[in-house]
1. Determine the per residue accessible area of the chain with all protein chains present and a 1.4 angstrom probe, expressed in square angstrom.
2. With a 1.4 Å probe and all protein chains kept in place, how do K221, K129 rank by accessible area, largest first?
3. Using the Cα centre of the chain as the reference point, and only Cβ charges (+1 on K/R, -1 on D/E), how large is the resulting charge dipole? Debye, rounded to the nearest 20.
4. Could you give the DSSP H helices of the chain that reach 27 angstrom or more along their long axis (alpha carbon positions) and whose average Kyte-Doolittle hydropathy is no lower than -0.5?
5. Roughly how many Å² of I90 are accessible to a 1.4 Å probe, to the nearest 10?
6. Defining a contact as two alpha carbons under 8 Å apart and six or more residues distant in sequence, what relative contact order in percent does the stretch 43-118 show?
7. Amide H of T78: which non-local residues (sequence gap of 5 or more, or other chain) have their own amide H closer than 5 Å, using H built in the peptide plane?
8. Output the relative contact order of the chain, whole-number percent, from Cα pairs under 8 angstrom with separation of 6+ residues.
Amino acid sequence: MRLAGRFGGAALSLLMVAVLGFFLFRVVPGDPVVSMTRGRPTTAAMQAELRAQFGLDRPLHEQFWSYFTSLLRGDLGTSFTFRRPVSEVIGERLGPTLLLVGTATLIAVLLGLWLGVRAAWRRDSAFDKVTTGVSLTLWAVPTFWLGMLLMMVTGDLFPSRGMRDTDTAPDFVSQALDVGHHLVLPSVTLVAVVCAEYALVMRSSLLEEMHAPYLTTARAKGLRDDLVRRRHAVPNAVLPAITLVFLRFGLVVAGAITTETVFSWPGLGLLFYDALTGPDYFLLQGLLVVTAGAVVVMNLLADLLHGVLDPRVKVV
């Protein structure tokens, strides 16, 4: 019953986001038709025809009903800017975002957990103080500011715009190396911010476990300190950090939007920024539904995973 309620709550959350997004984007300054025809010789009649073509001449409640019924059928509409289905446009940009977010998340999780464990186990050491201080600083730094700073400092070593060079050889190895070279700065920007939070949470969680009676018992049995840490302390302390990876997925996505804009990375973040300049209503709504859906699903997975990893939590 609880499981069904959580799935229902996730569906309701996504529905509310879709509804609120429709009205929210309608107050964004700008006229989509004027943006589409900017720099082109168009008459008032031609602009009126475009408004009718995209349904912008209808009352707001009719536009909403058309959008809502189409959304239930899986139709996200047609982009004003690209004149193509929104689902196709998003699908083309999904790969670069998954590459950036996936790479950054994997590195941030591994590095953040390792730093948190090492800092907690060596509490008040120089390593702990440096790690905690740097993590607190990076956690407070805006993602876009850090990205621009890295661009200025290392702009001569790594590409700072785009995903690949146009003059790269067409073979797979050359293309992969070129993409990897362009991926360095955007991924480092995301890793620095996200890793800091994981390190702090892991450190705090492990510090709470270090004084637990079962660790004293394990030491009394003659286990070495590193075995006590690996076999007993870390497995119990890692639960909050693992859950946080899923719960904070929205933070990574939000960071990807600003990071992709700074580095002109051709993913969903840059697409969202371009859609705002229109404004491209249908594209903005589609992007909001897709990103919000990803966040809702990850939060639901975190809830379920917590129950799997911790038998004390009931998921059904």
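1. 53 Å²
2. Sorted by accessible area, descending: K221, K129.
3. Around 1120 debye, computed over the chain.
4. 2-25, 86-121, 172-209, 281-309
5. Per-residue accessible area (I90): approximately 10 Å².
6. 12 percent
7. V86
8. Over the chain, the number comes to 30 percent.
The values are calculated or read from the model by the stated rules, or taken from the named source; none is laboratory data. These numbers were taken from a predicted model, which means no experiment stands behind them. Because the Cβ atoms are built from the backbone with ideal geometry, glycine has one as well, and the counts that use them run over all protein chains shown. Ligands, DNA and RNA are excluded from the accessible area calculation, which covers all protein heavy atoms including side chains. Shrake-Rupley method; radii C 1.70, N 1.55, O 1.52, S 1.80 Å.
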